[in-house]
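Participant: One structure follows; several queries about it will come next.
The values are calculated or read from the model by the stated rules, or taken from the named source; none is laboratory data. What you see is a predicted model; the values in this text were computed from it and never measured. We place every Cβ from the backbone using ideal geometry, glycine too, and count neighbours over all the protein chains shown. For the accessible areas, the whole protein counts, side chains as well, though only heavy atoms, and no ligand, DNA or RNA atoms are used. Shrake-Rupley method; radii C 1.70, N 1.55, O 1.52, S 1.80 Å.
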Amino acid sequence: MEEALLPARSGANEISAPCDLVSVSTSARLHFGFLDPSGRRARPFGSFGLALDRPRTTLSIRRGAEFEITGVDCTRAELYLRSITTSLGLASAYRLQLDEVIPSHAGLGSGTQLALAIGSGVAALEGIPLDLREIAARLDRGKRSGIGIGTFGQGGAVLDGGPGTGTLPPVLCRLPFPAQWRVLLIFDPTSTGIHGASETAAFASLPDFPEAETADLCRRVLLGALPALAESDFKTFCDQVGALQKSMGAYFAPLQGGAYVSPEVAQTLGRLTRKGVSGLGQSSWGPTGFAFAASEAEGQALLAEVRARAGGSNLRLELVQGRNSPATIETS
């Protein structure tokens, strides 16, 4: 399993020597929900999610005379860069070029993907053999969900077992997302999901999640959604993810003003629900919404329909695919 948590590399599978330049590319993930969102049992949380092919984070790292961040503006990048170099006891300074960055606080796992990309890049640059779990721990990622770590290292649809006592969530299952299926992403650039200290306070304020509901969600994921993925059963997969999303929306509603953070995303998903679309929801704390389509043609039709109804709203739409491969790390 640990080998599966190493991202794809050009050249040798193991880092053997320092190099001059490292380029890393990874992409967003959807977080479908937790099996125990209150996180108060012996094995808390446990989550289910999916790697997407877009939006992406792409960056390159080389040594420099001083720490320098160029390209796309991202306030967290220098923090992660300095944190990993301090953690590893490195005396060098680095130049980090950000070409693309997943939108932050949109429910797409941007922070974890950026942290792992920078941590993996520095490790590759200096020839230090670190696996993703160690990088994540050094950069304080993966405390509740292991989906971002799993999708960075393996791609596909990932189920994690929740954190243990002093351990990060292990990846229990990884399955490829059917190549013909599509995902419509519904962005609201005017809204942000709960994050940081507010997220920590939000989890602390929530009531215990009913044990019977956790049992039902485990059954739906383990005996519903995962077998449906393995058999490319689109309807069953959509129904089970939709049920998980409905449960998450009801549980988190008091903190986010309803099942969804963004009123415009909520209106769009409501219209799709009334049309019979079951595989939809909000990724993590949002505001990004999603809806599944069984093919490229159906995805384009769904995109056109939502775009026509969105009119002059602030929403931005994009039709994407699942990503069944790990993040890539190229050295030169």
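Participant: If I go through region 307-332 residue by residue, how many of them are closer than 21 Å to Ala266 by Cα, surrounded by fewer than 21 Cβ atoms within 10 Å (Cβ to Cβ) and in contact (Cβ under 8 Å) with a residue 60 or more places away in the chain?
Facilitator: The qualifying residues number 6.
Participant: State whether one or more residues within region 193-203 are over 20 Å from the mean Cα position of the chain (by Cα), closer than 28 Å to Ser313 by Cα and crowded, with 17+ Cβ neighbours inside 10 Å.
Facilitator: Of the residues in region 193-203, the ones over 20 Å from the mean Cα position of the chain (by Cα) are 201.
Checking the rest, the ones that are also closer than 28 Å to Ser313 by Cα come to none.
No: zero hits.
Participant: If the requirement is being of a type outside the set (Phe, Trp, Tyr), closer than 29 Å to Ile329 by Cβ and open to solvent by 60 Å² or more (accessible area, probe 1.4 Å), which of these qualifies: Lys143, Lys235?
Facilitator: So the residue among Lys143, Lys235 that is of a type outside the set (Phe, Trp, Tyr), closer than 29 Å to Ile329 by Cβ and open to solvent by 60 Å² or more (accessible area, probe 1.4 Å) is Lys143.
Participant: Determine which member of the set Gln113, Gln97 is under 30 Å from Thr190 (Cα atoms) and open to solvent by less than 10 Å² (accessible area, probe 1.4 Å).
Facilitator: None of the others qualify; the one that does is Gln113.
Participant: Find all pairs meeting these conditions: Cβ atoms under 6 angstrom apart; at least six residues apart or on different chains; first residue within region 248-270 and free of Cβ contacts under 8 Å to residues at least 12 places away in the same chain; second residue among the small types (Gly, Ala, Ser) and surrounded by fewer than 24 Cβ atoms within 10 Å (Cβ to Cβ).
Facilitator: From residues that are free of Cβ contacts under 8 Å to residues at least 12 places away in the same chain, the pairs are Ala253/Ala259.
Participant: Of everything in region 31-54 that's touching a strand residue (DSSP E or B) at 6+ places or on another chain (Cβ under 8 Å) and over 19 Å from Gly289 (Cβ atoms), which residue is most open to solvent (accessible area, probe 1.4 Å)?
Facilitator: My answer is Arg43.
Participant: Of (1) in contact with a Leu (Cβ under 7 Å, 6 or more places away or on another chain); (2) of a type in the set (A, V, I, L, M, F, W, C); (3) under 26 Å from Leu315 (Cα atoms), Trp181 satisfies all except one. Which?
Facilitator: Failing condition for Trp181: (1).
Participant: Can you name the number of the only condition in (1) aromatic (Phe, Trp, Tyr); (2) in contact with a strand residue (DSSP E or B) (Cβ under 7 Å, 6 or more places away or on another chain); (3) under 22 Å from Ser38 (Cα atoms) that Tyr251 fails?
Facilitator: It is condition (2) that Tyr251 fails.
Participant: Also: For residues that are in a strand (DSSP E or B) and small (Gly, Ala, Ser), scanning just region 55-66, find the one that is nearest to Thr288 (Cα to Cα).
Facilitator: We begin by selecting, within region 55-66, every residue in a strand (DSSP E or B); these are 55-64.
The next check asks that each one be small (Gly, Ala, Ser); those that pass are 60, 64.
On the way: Ser60: 27, Gly64: 37 Å.
Among them, the one singled out is Ser60.
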